[in-house]
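This report refers to the structure that appears directly beneath it.
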Amino acid sequence: MSKDSVQDGVVVSMEYTLHVDGELLDSSEGHGPLQFLAGYGNIIPGLESEMMGMKVGEGKDVVVAPADGYGEYDEEAFLDVPRGQFPKDMKMEEGLELTVRDNAGQARYARVESIEGETVRLNFNHPLAGDELHFNVKVVGLREPTDEELSHGHVHEGGHHH
Ligand code: ZN
C-alpha cells in the first residue's frame, strides 16, 4: 500500500490557516504543523474529505459549509438553568465556557449566553456554528502511524498523550 498521499490510516502533517468572515482565527504558524490521523474523525469532516489524495508539498484552499464544519446555528440549542445548580464558587459571567453533562451522561460544550436574575441561559452551539470556514492547507509530511496510534485512532506526537 503506497502512503504517498493523504488517505485513511496515514498520519498527515499540515500547515494551515483558518479564516472566518475574512478574519484570521487560527493558524499553524508559531506552533508548527498540525498532525492528524486521516480517516478517524480527528479533524472536521468537510476538511478531511477535501484533503484526501493530496501529496506532500501540495496546497489547497478549502471552503467548508457549516453543516460539514461545526454545524448549523441551532436557535433551539439553549437551556435555562437555575444559578443554584452550579457550584457556588463558580464565577458566573456571560461568555463563560463550560462542559456540562447531558441526561445521557455525555459531556457537552456550552457557554453562558446571559444571566437574568437567578437564571443562567446556556448556549450549546459551538462558537463557530453557522460559520463558513475558509481553510488554506498545505501537506508538509506523511508517515505511517505507530500501532499504538492506530489502536487509539489519533496521533501522539504533536498531539496529546494519554
Ligand atoms: Zn492516545
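The values are calculated or read from the model by the stated rules, or taken from the named source; none is laboratory data. Here the structure is a predicted model, which means the values were calculated and not measured. Because the Cβ atoms are built from the backbone with ideal geometry, glycine has one as well, and the counts that use them run over all protein chains shown.
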The correct count of residues that are part of a loop (DSSP other than H, G, I, E, B), at pLDDT 95 or above, of a type outside the set (A, V, I, L, M) and out of contact with any strand residue (DSSP E or B) (no Cβ under 7 Å at 6 or more places or on another chain) in the stretch 41-56 is 1
All conditions in (1) on the phi < 0 side of the Ramachandran plot; (2) among the charged types (D, E, K, R); (3) in contact (Cβ under 8 Å) with a residue 40 or more places away in the chain are true of Glu48 except (3)
Sole miss for Asn136 among (1) at pLDDT 90 or above; (2) more than 21 Å from the chain's Cα centre (by Cα); (3) among the polar types (S, T, N, Q) is condition (2)
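Could you say whether any residue in the stretch 93-109 is more than 16 Å from the ligand (Cβ to nearest atom), assigned by TED's automatic domain parsing to the domain that holds Ile44, closer than 24 Å to Val62 by Cβ and not hydrophobic (A, V, I, L, M, F, W, C)? Working first, answer last.
Here is the first cut: in the stretch 93-109, the ones more than 16 Å from the ligand (Cβ to nearest atom) are 93-109.
Restricting the remaining residues to those that are assigned by TED's automatic domain parsing to the domain that holds Ile44 gives none.
Taking every residue of the stretch 93-109 in turn, none turns out to be more than 16 Å from the ligand (Cβ to nearest atom), assigned by TED's automatic domain parsing to the domain that holds Ile44, closer than 24 Å to Val62 by Cβ and not hydrophobic (A, V, I, L, M, F, W, C).
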Counted residues in the stretch 121-161 being touching a Lys or Arg at 6+ places or on another chain (Cβ under 9 Å) and either surrounded by fewer than 17 Cβ atoms within 10 Å (Cβ to Cβ) or on the phi > 0 side of the Ramachandran plot (or both) come to 4
- Query: Among the residues of the stretch 67-83, is any outside any strand (DSSP E or B), basic (Lys, Arg) and either touching a helix residue (DSSP H, G or I) at 6+ places or on another chain (Cβ under 8 Å) or farther than 26 Å from Ser151 by Cα (or both)?
  - Reply: yes
Taking the stretch 139-149 and keeping only residues that are within 10 Å of the ligand (Cβ to nearest atom) and within 20 Å of the chain's Cα centre (by Cα), one is left with Glu149
Checked Glu144, Glu148 against criteria (without any contact (Cβ under 8 Å) to a residue 12 or more places away in the chain and in the same structural domain as Leu47 (by TED's automatic domain parsing)); the one match is Glu148
When Glu113 is run through (1) touching a residue at least 40 places away in the same chain (Cβ under 8 Å); (2) buried (at least 16 other Cβ atoms within 10 Å of the Cβ), the failure sits at (1)
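Do you know which of the residues in the stretch 6-60 that are hydroxyl-bearing (Ser, Thr, Tyr) and closer than 20 Å to Glu149 by Cα is surrounded by the most Cβ atoms within 10 Å (Cβ to Cβ)? First the steps, then the outcome.
Just the residues of the stretch 6-60 that are hydroxyl-bearing (Ser, Thr, Tyr), to begin with: 13, 16-17, 27-28, 40, 49.
Now restrict to residues that are closer than 20 Å to Glu149 by Cα: 13, 40.
Working: Ser13: 20, Tyr40: 17.
The extreme case among them is Ser13.
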Would you check if Asn125 is within 21 Å of Ile44 (Cα to Cα), part of a loop (DSSP other than H, G, I, E, B) and either more than 16 Å from the ligand (Cβ to nearest atom) or in contact with an Asp or Glu (Cβ under 6 Å, 6 or more places away or on another chain) (or both)? yes
